[in-house]
Each structure stands twice: as C-alpha cells, then as structure tokens.
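A short write-up of the structure that comes next.
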Ligand code: SF4
C-alpha cells in the first residue's frame, strides 16, 4: 500500500484557527483518546471507531486548499489524541513537509513508541498539554499519568524539539500559584520549551455532553475569569524578574 493510501480516522477539520500554534492554521481533530479529562471539550472524539475514515492523500489535498490563508501558520494535528494514529499523522506531516508546510502536534504526550519517534522527525512544533500539576490531580481529573507527559518532555528535550507547554486554568483546581509554579519550573528546566500558554476553562461543550447523554464533570464550576488569567500571568512575570 502506498503511504498516501494509508487511512486514518478524523473527527473534523477546522479550516482556519488562531489558538493552536503560531499564525493562522488549519487544525485536524483526530478521532480516539485514551484520556478522560474532566474539562474535555471534545467528548465526541473519544471513540477510536467514530468519526470518518480518510486517506493521507485525501486529507492532505483538503488541507492544502487552505494554504494561501496560512499566514505564518500551517497545520496542527489535535484531537482526540493524535498519537493514537501516529503512523497516519507521520505520513500526513511528511506530505505537508514536502510542500513546505509548518507542522504542529497538539498532544498530552501519553504514548511513546517507535511510530511516535518517527512522527517527531516531521514535526516542527509540539504543543504539550500538561493537564494537571500533580499525579494525584492527574489521576482524579484526567484519568492518566503525569509521568508520561514528563517522560515525553524529556524525549522532546533530547531532540531539541521546539515545544510550547499548555494548561487549562480551571477554577479551584489549576488556578493556584502552586500549580502555576510547577509549570514555571518545568519551563525553566527544559530549554526546548519556548513558551507556556494558560488557557481559560470554558463550558461551550455543555450541550454536546447533554446530546451524548453523558455528564459534564465540571458543569458546576464557573468559567475562568479573564482577571484570573491576567493575575497568573503577572505572577509568572514577577518570577521571571526575580530570576534575573
Ligand atoms: S486529551 Fe483532549 S480529547 Fe482527550 S479527554 Fe483530554 S481534552 Fe478530551
């Protein structure tokens, strides 16, 4: 089978977005995720058998139609968890790289194997979701292990892979200075990390959960106030100043 005929399962394609990597980009949401984040916006991506099947060739063709609009951008693979289909994403990114397209991988870093390693060969930037600051919180609110994310970051460091850390600021859970400090310390320890993004918790997915007949675990929490994110950014900048 030619690589371009390899098939994968995707949930959807966002033709143009500004929040998943640099510039104006197209985002592919891959189907399937082993985690169950309490703040997940895309529960309809969880089922690996859901979504629709596409070939690398079909998806690359669909994406390249938007290339004139990618101002300093490119393509981001998100999900779901794109690492569950690392071989397919690798083939897609290889085609895009041949076309000179910037490729970004949005992942929790929960899978490491030979296919993941190969995928990083054709990835320009990793957006690494550090979902919780401690193993206890990770187990409670994500259903996985923080150590996998940190092990993944060690691999990224070895490769000198440009990396952005990301975390959703959830009221009463990750909006504390202790949580922020873990991220700050991580950014300082790993020179491959170029920046850290603090993302507000939003509840736009509430109706999606209802239509799927499943409970949104954080329905009782308020959305993150913009002042909270600003306050945490100020604390971050203070620590940066103190370090100099
Ligand atoms: S990793 Fe992403 S898709 Fe998977 S449960 Fe968490 S937020 Fe949802």
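In region 3-243, what percentage of the DSSP-assigned beta bridges are antiparallel, given to the nearest 5?
25
Report the dimensions of region 8-117 along its three principal axes from the alpha-carbon atoms, largest first, rounded to Å.
Principal-axis extents of the Cα atoms in region 8-117, largest first: 36, 28, 24 Å.
Once the principal axes of the Cα atoms of region 133-244 are found, what is the range along each, listed largest first in whole angstroms?
48, 31, 24
Taking Rh as the Kirkwood radius, which is the inverse of the mean 1/r over Cα pairs, what is the Rg/Rh value for region 167-217?
A ratio of 1.15.
I'd like the projected area of the chain, averaged over all directions, using the convex hull of its alpha carbons. Report it in nm² with one decimal.
With the hull built on Cα positions only, its mean projection is 13.4 nm².
What's the angle, to the nearest 10 degrees (0 to 90), between helix 146-159's Cα axis and the longest principal axis of the chain?
Between the helix axis and the principal axis of the chain, the angle is about 60 degrees.
What is the helix-to-structure angle for 86-98, meaning the angle in degrees between its Cα long axis and the longest Cα principal axis of the chain, kept from 0 to 90 and rounded to the nearest 10?
70
Once you have all Cα-Cα distances for region 84-175, histogram them in 5 Å bins from zero and send the whole-percent values.
Calculated over all Cα pairs of region 84-175, the distribution is 3, 13, 23, 22, 17, 11, 7, 3, 1, 0 percent.
Provide, in order from the shortest bin, the percent of all Cα-Cα pairs of region 129-185 in each 10 Å bin, continuing until the bin that contains the maximum pair distance.
22, 54, 22, 2
With axes computed from alpha carbons, what is the tilt in degrees of helix 177-189 against the longest principal axis of the chain, rounded to the nearest 10 within 0 to 90?
50
Based on the mean of other Cβ atoms within 10 Å per residue, sort peptides 163-171, 217-225, 75-83 so the most packed one is first.
The packing order, highest mean first, is 75-83, 163-171, 217-225.
Taking all pairs of different Cα atoms in region 28-86, averaging 1/r and flipping that mean, what Kirkwood radius in angstroms comes out?
Kirkwood hydrodynamic radius for region 28-86: 12.7 Å.
FYI, it's all coordinate maths here, none of it is from the lab. Because the structure is predicted, anything quoted here is derived from the model rather than measured. Here the Cβ is made from the backbone with ideal geometry for all residues, glycine too, and neighbour counts use every protein chain on show.
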